Every structure is written in structure tokens, then in C-alpha cells.
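Read the structure below first, then the notes.
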Amino acid sequence: MKKIAALALLLSLAVMVRAQEAKETLLFKQLPAVDVKLMNGERVNTSTFANDGKPIIIDFWATWCKPCIEELNTIHDLYPDWQKATGVKVITISVDDARTMTRVAPFVNGKGWTYESYVDPNGDFKRAMNVNMPPHTFVLNGKGEVIWQHVGFAEGNEEELYEVVKKVAAETK
Amino acid sequence: MKRVVPFAFLLFSSTLVTSLAGAQGLAGTPVHGNFQFDGQYYVPDSIIGAPNPPDEKFLNNAFANFNYESDNFLAGLRYESYLNPLLGFDPLYKGSGISYRYLTYRNDKLEVTAGNFYEQFGSGLTFRSYEERQLGVDNAMDGIRVRIKPVNGVYLKGLVGRQRNFWTLGEGILRGGDAELNFNEAFTSWNTKKTQLIIGGSFMSKYQSDQNPDYILPENVGCGGGRISLMNGGWTLSSEYSHKINDPSTINNYIYKDGNAFLVNLGYNQKGFAVLLSAKNIDNMSYRSERDATGNSLNINYLPALTKTHTYLLPAIYPYATQPNGEVAYQGEVFFNLKPNSPLGGQYGTDLTVNYSRATDIYKTNLNDSTGYTTSFFKPGDEVFFEDFNVEINHKWSKSLRTILTYVYLNYNKDVIEGRDGFGHVYSHSGILETIWKITSKKTLRTELQHLYTKQDQQSWAVVLAEYTISPKWSFAAFDEYNYGNTHTDLGGKYDQRIHYFTGTVAFTNNANRFSLGYGRQRAGIICVGGVCRNVPASSGLSVSITSSF
């Protein structure tokens, strides 16, 4: 029996290692159309998300999620450079519910973040994008196709994200 | 022998999942979904009072969602499996099956859903159906929902159905509707106004027949209210009020009294500075689709707690959840961003957050009739439920070093919050230093030093945590939660209660697939997400978690 377990472990690792290469694949031909809210309560349909044919990063986060805040802080330091080079736009979707939703606007402003920010208080967009837990990051190419996703954040992940964004930006030029 | 089988199965299934999802999903198809598996292998641990593992030593929770989407048509289902549920989850979850399925048709003006759905009216004081899978909370509706956008700026919703209660549906039938009007979208004269105004109103009715031989109970319980959201420049004001007719239930001890909930938030924001003030009054506002429902099940409405959600291990020992029978609460929070190269900001800038909240009982004058008591709006009682003062300073020292320094004072009314007797209040002070050191562009070391001081309850704790990540795939973490101040002994002095709760985890992430393995001790306590909590017993063992989106 133990041999079977060991075999399964080896097999798992082998497949996982093989699956490691991060490649862009077509995930969604277009974003699922769901209403989210601007921080002032105004409804916006996600099908209207656009960036003039340039890449978009969509980042699911919450005020109670520390890695999310780390990720958005890290990206924010690099955001001006990224924008200049690729024209990328970052859209943040807070999954804070009614309890902490009112903290989102002061939190974002208190941090001085310049992202396009929305709230998704009952998780409609989160469910449509199959997000388990934040942080969960997606990249959209110039055609509005979702071509990359990543769950979790550790320092350094922003480099992989930027590689994808650069590649996408170059393709659409 | 028996022990090995679940592992083999588990690893095999994880292989399947990671290989399936290795290509980042079902490329280009309109079918998407996600998957999560949490399993634990329990080992006996008499020192921490872990209940001896059941005959089966391995327990798991798992689910998978599959959704299909085209322009006008959506469909999906979720399969859940608890074989058997992890300790700390309600045993009523035991079993497997399709717990959620829906069909939706939509166009620009209309959306119709048949089957299961989640929905929220306003901030949820009247109605909210939602899921929090980590806590085992799921009060999904099963019925029909219609959403209509008749003209610009007007949003209507109507629904009828029953709520999920583990593997069955609650007895009560819910019928409700919500209307919202956005002035700036609806009226041309408001299009260009700087002031933004949104108003809304909602109503919900619950029908449950009266089978009680002793009482004449209201069979139709209505609940409804209004809300407003106003914005101008950096100022925001939002408020909601909800009123419920008398609704005798187990939670309110079968009193025939109306209930109400009121919530108001005032905020001021500018870049780099923000203030938020909130106040709340709750009176007899537990509203469930069965009179005898307790715990986290069959809630029709949602009463948000006005307290910060602490995520560090030690302050999270004492979390707060709204007391639905009566509560007056306030919260104030200030956010600063001290700019880089400013006198206080340092070279790379500093974030500062100060937060204070307090929740107390409502003032009650007891009556000798069926309504129980009278009270006045926003008049607090003498009993403090919870008080929290915390400061967080997030400072970047260099391109590779960032620290977060946190202080938390908590006054936790253990008797009220945990529904016990004879413990009184727990007053605690916590200090936490988190350091994030980016060693190279891919390698990061994160450490946490935490200390919680209290003379009550289990007394003082200390935590040392280290996490090493190799971006973007690997993470290794270990922490020791040490209850060093505990002078109690257990089982007639047999066990010293100064216990080390040591845990180590390894996690592997590939895009949207994550696999983690942990081994260690979990202290007994309360796990909360978004203000809803569940009790977990102490346990020891090996835990496995797999999540995947595709």
C-alpha cells in the first residue's frame, strides 16, 4: 500500500512539474457580463471594461486580505512604469461584503491607489470568474480575451505578471 | 494500511486536477469552473484536548463548480462532497450531491433565473443569500428570480423561493422584491450634477405555517426598508433602515415584538487621506426562514458587524459577530498615506491606519407581557460586548524591506459573544511586527513576531512565524503559537497548558492551481470570515488542500 502512495506522490509531482510552464491560453473569449459597483454605488457592467485595445489586469482583493494588499502595493510602485511601457490598466474588484465594503473607498484613497476600483459585495463577479479566494489576478489582451490567471501572491510574482502584460502589449501593437 | 489508501487516492486526484488544469483551463470553451478539496488526517493529541479521532481518521470537504455562459444563456451546477465533514463543520453536511444548479436567460433589460441563486438587497439588512464555503455557510435560494432594467437608472428585482439548509430546504417560503433608482442615470437634469444620489427600497415576506400547539404565531412575517447613498466631492453618506414585524423565534425567546435595524456610514476621502465613521442600531432583528433555526443556518438577512476583521493569528483569537437581539455599535477609522520623501513618510512612504470600534447592548426596560421589553433608538445599555482600538503602520524602508507594525487592544465579552457563562470579559493587548524582506527578485522571507498579553482566559500568547517564498511557485511556512502564559493545568494537574501549537506548510502554486500540505496543531477557537464565525475544535494532524480554477 505504501508503495502505491509513494507512486501516486511521484506521479503527482511529475505532472505538476510538467504543468509548470506559465503560458497564456484563451480562458474566456470575453469577460462574463455581471454588474459590479463603483465605490459610489453606481452599477457598471463588466462587459463594458475596456482599455483602447491595450492590456487589462483584473485583480480580486479584499480589505481583510493581506497578500492582496501586498500585491496591490507592489504593483502600485511599478504602475507608472508599466503604464508608460505597455498602456496597461489595472482594475481592482473588492470582494468585501456589507461588513467591510464601506472601508473600501477610504482604504483605496488612504493608500493613494490610482486603480479603477469596483466592489462586488455579494460575489456575483467572483463566482462568474470562478475565483476561490483572493488574491486572484487575470490578464486581458487587447481583444478583451482573458488569457492568463494566477491565484495567491508572493513578492516577485509581479515580474511574471508583467512578462505576460508585455507580451500581450507587443502582440496588439 | 487503511491510512495509506486515502492519501493514494488524494494524490491521484490531485494529479488529475493539476494535469487537467495545467493548461490553465478549458481553453476557449464557454465552460468554466473551480474546484476545492480540503482534507485532514487526524492524529490523537491528548495534550491539547483534541477529541480522539473517529474510527475513520481522514475527513474531507470538497466542491466543484461548472458554469456555462453564452450571450443570453447561462447554466451551471456545483457538486459538493463531505465524506465525512471536517471537524468543526456541521455534521449535517455529511454526504455528497449536487447542491446548486441554475438556468438563466438574459437580455439587456431582463434576466430570469430558475433554480439556485444568491442575491442581496442593499447592504443586506432585509435580505441576503450568500455563501462562505470556508465556514460552511450557504443559504442559497432555490426558486425563481427576475431582474429588470426598465429604463436607465432603474433596477428592479423580484424573487420567490426557499433557502438551502445543508442538504434540505428551509420550511419558510420567501417572497420579496427590491427597487433602486440612480438619479444621475435616470434624470437628464441630474446627468451632469456633481452630487450623486441613489435611493432604494426592499421588502421580504416569509411564510411558515404555525404548527405550535401552545402559541398563535404569525405565519407571514414581513420585513422591509429603505436606503440612500449620497456623494459629493470627497464626501459620502450611506444609510439603510429595515423594519420587521413581530416574529417569535428560538433566538428571541418567542417574544411578539417588532424588530429594526439601522446603519449609517459617513466618509471623507481624498488621495492619501480618508476618514470613515459608522453607527448601527440593531433591535430584535434575527430573521430566519424557520423559527427554530439557530447557528449560521437559514438567515434571511445579514447584520454586518462594525469591527475590523483581524487577520493576524493572535488578535483573531477574539473575533466579534453582531448580536442580533440587540446592539448599538460605532466605528471610526482614519487612513493616512504619508508621501515618499515627506518628513514623516521616509524615502518610500508610510501608510498609517487608526481604527476604533465599540459594541454594546441596547437599553431595555423589561415588560411582563408577550413583547418582552421596550427600548429607545440608539440608547446603549450598560453591558459592553466588544471594544477594539488598533493602529497599523506600514513602512517601506528600502526597495527590498517593508515592515508592518500593529497594536491591538481588545475588550471581548466572552459570555455574550460565545454564549457561555462565568467567563466575563477578556482584556488583551497585542503587538505585532511583520517584516517582508525581498532577498532577490524571486525570493522573499516574511516573518511575524506577535505577542498577546492578557490576564484572563488562556492568558498570554506569543507567535513566531517565518515564510519563505520562491516566486511564483513555492512557499514554505512554519509557525509556533505558544500559550506560554497559561498557568492553568488540565485533568487534575496532569497536563501543563503552556502548549506549543506548531504548524508547518508547503504550498505549490501554478497559475490558478494551488496545492498545499500542512502538518501541525490547530488550537481550539473561532474561525471567522466576513463577520460570520464557526467554532473549530483543537486538532492535530496532516492537512491537504487543493484549489483550482479552470
If you take the Cα Rg of segment B:53-200 and divide it by 2.2 N^0.38 Å, with N the number of residues, what do you get? 1.32
Peptide B:114-121 - average C-beta neighbours from other chains (10 Å radius): 2
How much net charge surrounds residue B:34 when only the other residues with a Cβ under 13 Å from the Cβ of residue B:34 are counted, with Lys and Arg +1 and Asp and Glu -1? +3
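Scan segment B:432-500 for trypsin sites (Lys or Arg not before Pro) in coil per DSSP, keeping those whose Cβ has at most 13 other Cβ atoms within 10 Å, and list them by number.
On the way: sites: B:438, B:442, B:443, B:446, B:455, B:473, B:494, B:498; in loops: B:442, B:455, B:473, B:494, B:498.
The qualifying sites are B:455, B:494.
Please state the charge dipole magnitude for chain B, taken about the Cα centre, from unit charges on C-beta atoms (+1 on K and R, -1 on D and E), reported in debye and rounded to the nearest 20.
On the way: 49 positive and 49 negative charges, 363 e Å.
Magnitude of the dipole: close to 1740 debye.
Peptide A:60-70: average number of partner chain Cβ atoms within 10 Å per residue? Provide the component values of the computation, followed by the final result.
Details: counts 0, 0, 4, 2, 8, 2, 5, 2, 0, 3, 6.
Going residue by residue through A:60-70 and averaging, the value is 3.
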Place +1 on the Cβ of every Lys and Arg and -1 on the Cβ of every Asp and Glu in chain B, take the dipole about the Cα centre, and give the residue among B:67, B:307, B:348 whose Cα lies farthest towards its positive end. B:348
How many percent of the alpha carbon pairs in chain A exceed a separation of 27 Å? 28 percent
By how many degrees, between 0 and 90 and to the nearest 10, does the Cα long axis of helix A:157-172 differ from the longest principal axis of chain A? 70 degrees
Quick one: give the max-minus-min coordinate of the C-alpha atoms of chain B along each principal axis, largest first, in Å. 61, 57, 52
From other protein chains only, count the Cβ atoms within 10 Å of every residue's Cβ in B:537-548, then give the mean. 1
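Semi-axes of segment B:275-426's equivalent ellipsoid from the Cα gyration tensor, sqrt of 5 times each eigenvalue, largest first, rounded to whole Å?
Numbers: eigenvalues 293, 51, 42 Å².
Semi-axes from the Cα gyration tensor: 38, 16, 14 Å.
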Suppose every Lys and Arg Cβ carries +1 and every Asp and Glu Cβ carries -1, with no other charges. What dipole size does the protein assembly as shown come out with about its Cα centre, to the nearest 20 debye? 1500 debye
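Under the rule of -39500 (n - 2.57) per DSSP H run of 4 or more residues, summed and divided by the residues of the protein assembly as shown, what mean residue ellipticity at 222 nm is obtained, to the nearest 500 deg cm²/dmol? Walk me through the numbers before you get to the answer.
Working: 8 runs with 94 residues, N = 723.
Dividing the helical sum by the residues of the protein assembly as shown leaves -4000 deg cm²/dmol.
What size of dipole, in debye to the nearest 20, comes out for chain A about its Cα centre when the only charges are +1 on Lys and Arg C-beta atoms and -1 on Asp and Glu C-beta atoms?
Working: 20 positive and 22 negative charges, 96 e Å.
Using only the charged Cβ atoms, the result is roughly 460 debye.
Can you pull out the trypsin sites (Lys or Arg not before Pro) in segment B:308-392 that DSSP calls coil and that have at most 15 other Cβ atoms within 10 Å? If you can, show how the numbers build up before the last one.
Working: sites: B:308, B:358, B:364; in loops: B:308, B:364.
Loop-located and lightly packed - none at all.
Cβ under 14 Å from residue B:468's Cβ, residue B:468 left aside: what net charge do those residues give with Lys, Arg +1 and Asp, Glu -1?
On the way: positive: B:438, B:442, B:443, B:446, B:473; negative: A:155, B:448, B:467.
Every neighbour counted, the sum reads +2.
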Which is farthest toward the positive dipole end of segment B:212-301 among B:270, B:242, B:281, measuring Cα position about the Cα centre, with Cβ charges +1 (Lys, Arg) and -1 (Asp, Glu)? B:270
With 5 Å bins from zero, work out the P(r) of segment B:429-481 over every alpha carbon pair and list the percent per bin. 5, 18, 24, 17, 13, 10, 6, 5, 2
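Ranked from highest to lowest mean number of other Cβ atoms within 10 Å per residue, what is the order of the peptides B:514-523, A:41-50? It would help to have the intermediate numbers written out before the result.
Numbers: B:514-523: 19.2, A:41-50: 15.5.
Packing order, densest peptide first, comes out as B:514-523, A:41-50.
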Rounded Å value of the spacing that divides the Cα centres of segment B:58-82 and segment B:326-390: 39 Å
With each pseudo-label sitting 7 Å past Cα toward Cβ, what's the residue B:167-residue B:370 distance in nm, one decimal? 3.8 nm
Mean-position separation - Cα centroids, segment A:76-141 and segment B:429-484, in angstrom: 26 Å
Percent antiparallel among DSSP beta bridges confined to segment A:31-171, nearest 5, equals 60 percent
What does the net charge come to around residue B:431 if you take all other residues with beta carbon closer than 13 Å to its beta carbon, with K and R at +1 and D and E at -1? -3
May I ask for log10 I(q)/I(0) of the protein assembly as shown at q = 0.05, 0.10, 0.11 Å⁻¹, from a Debye sum over the Cα atoms as equal point scatterers with solvent left out? -0.24, -1.08, -1.36
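Just so you know, all these numbers are worked out from the coordinates, no wet-lab data involved. Since the model is a prediction, treat every value here as computed from it, not as a measurement. Note that we place each Cβ from the backbone using ideal geometry, even for glycine, and neighbour counts take in every protein chain shown.
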